[in-house]
Structures are given as structure tokens and as C-alpha cells.
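One structure below.
Derivation of every value follows stated rules applied to the coordinates shown; laboratory data play no part. Only a predicted model underlies this, so the values are computations on that prediction, with no experimental measurement involved. Glycine also receives a Cβ, built like all others from the backbone with ideal geometry; neighbour counts cover every protein chain displayed.
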């Protein structure tokens with residue numbers, strides 16, 4: 001498993017190269033990174049928009065571009081290879097907040113479907129996982145609210161649930177291509193995180209990328225100019241036992257590991 005700063009396209013390409021150098025092949029690529037907010041467009045920071053597109057779209061494109069030929073080669077050798085993009089149910093609908101985030105997720109869906117059609121004759125399966133409301137750790141900075149995921153009666157997925165979906169997709173028989181999986185908590189109806197009740201405490205990200213509360217000022221430190229957004233997102237870590245992949249496959253699961261320009265840690269989608 002390789003932690004990659006997807007805001008740096010060269011780092012994404014280098015991660016693919018490391019796997020090829022170590023294993024001589026690449027059988028599975030899971031693009032699992034994301035960054036963004038549910039803030040209104042008015043009053044947003046352009047730097048936040050750029051950070052969102054850098055991770056959610058540019059980084060995914062760079063990793064995928066580097067992996068295409070190795071995946072085709074692996075499929076020719078073993079009969080099948082897999083590319084999975086972890087997207088979001090925000091890629092199916094839009095809200096009056098999170099415009100740029102939703103735009104990137106719609107783009108990932110369109111990109112994946114086009115690749116699916118192109119790579120099907122080469123037996124490279126392309127799939128998309130679209131999680132609903134998920135309890136995760138994707139810090140972000142700015143003015144937006146975060147959904148209150150502590151409200152258990154609303155229903156919230158765990159990151160392990162998304163990992164299960166990915167694992168199921170890439171372990172199907174070679175003749176089976178699962179191209180799209182929408183995963184929501186059982187109690188989620190039409191609600192999106194942007195429509196849920198929000199916590200009124202303000203959070204900031206410390207130097208380790210963890211969350212710390214600042215309930216009075218909403219500031220992350222004396223040197224910060226913008227106010228701090230609350231946090232939402234997904235993380236590659238999950239509770240419980242690790243998921244097991246077949247040991248004969250070379251796999252890359254990429255997520256963002258560096259603190260983005262606006263100060264949060266983009267860990268997952």
C-alpha cells in the first residue's frame with residue numbers, strides 16, 4: 001500500500017513506478033482520495049477550489065494515466081485487471097452547496113464510464129464505488145459546516161463498509177464486471193451530508209492532521225487568516241480486521257497523505 005500526495009501528479013506517477021519496480025506488474029488500482037467542502041460558492045476561497053480539483057480530479061487522472069498500460073499488460077497475462085475509482089453519491093446529484101466538489105465527482109463518473117467502454121475489449125474492468133454518508137476523517141478549511149455524524153439514528157457507514165465493496169468488486173470471476181456500486185447507510189433516504197443537522201463547534205487541524213476543537217474563535221492559529229471549516233470525508237483506515245486481497249496480485253491503493261495548501265489533510269475518497 002502506498003500513501004501518495006495526489007495534489008502532486010508526479011508523486012502519483014512515482015507510486016505506480018514503485019509497484020512495477022517491486023512486483024513487475026500491476027493488477028489492481030484503487031483511486032481512493034478526496035478533498036472538498038460543503039460550503040456555498042459565494043465566500044469560498046479559490047485556493048479551496050483548486051485543492052479540490054487537484055486531488056479529486058487531477059491526481060486521479062495522473063495515477064490512472066500511469067497505470068493504464070500496466071493494467072492492460074496484466075489483463076493480457078492473467079485474463080483480467082481492475083481499476084476502481086472511489087467516487088461519491090455527490091456524483092449522482094447536486095446540492096446548492098459543494099458545487100466544485102460535486103463537479104469533480106460527476107467528472108470522475110464520466111471519466112470512468114468512458115474508460116470502461118474503451119478498456120473492456122482488453123479485459124480491464126473499470127468500476128466506481130459511490131459511498132453515501134460515511135464516518136471518516138477528511139479535514140478541510142474555510143467556512144462550511146460539517147454533518148453531525150454522531151447522530152446514529154440517521155445511519156452512517158464506516159470506512160470498512162466501502163473497503164468491503166471494493167474488495168467484492170475486484171474478486172469477482174473474470175467474466176463479471178461490476179461497473180457501479182452505490183452504497184448508502186440503511187437509514188439514508190434522499191438526504192445528503194449537506195442537508196443534515198450540523199455540529200456548532202468549530203474544528204481545526206493540528207500538525208498531525210488530527211482535529212482539535214476551537215469553540216470560541218473558530219481559528220486554527222494566530223497566523224491563519226481564513227476561518228476554519230468543519231470536516232467531512234473518508235479515510236483509508238478502518239476499524240476491525242484488515243481486508244485480505246489475493247496474494248498473487250500487485251495492488252495500488254492511493255490516497256492523499258500531505259496537508260493540502262489550505263491546511264487540511266485530504267485522506268481518502
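A few remarks follow.
- Extension gain for residue 50 to residue 95 (0.36 nm times residue separation, less C-alpha to C-alpha distance): 14.3 nm.
- Remark: spin-label model distance residue 42-residue 182 equals 3.1 nm, labels positioned 7 Å along the Cα→Cβ axis.
- Footprinting exposure proxy for 29, 157, 20 (fewest neighbouring C-beta atoms within 10 Å first): 20, 157, 29
- Mean Cβ count within 10 Å, highest first, over the residues of peptides 160-167, 30-37: 30-37, 160-167
- Our summary gives the range 25-101 a relative contact order of 56 percent, counting only alpha carbon pairs under 8 angstrom and 6 or more residues apart.
- Distance (nanometres) between label positions extended 7 Å along Cα→Cβ at residue 23 and residue 114: 2.7
- Protection proxy ranking of 173-185, 76-88, 117-129 - average other beta-carbon atoms within 10 Å, highest first: 76-88, 117-129, 173-185
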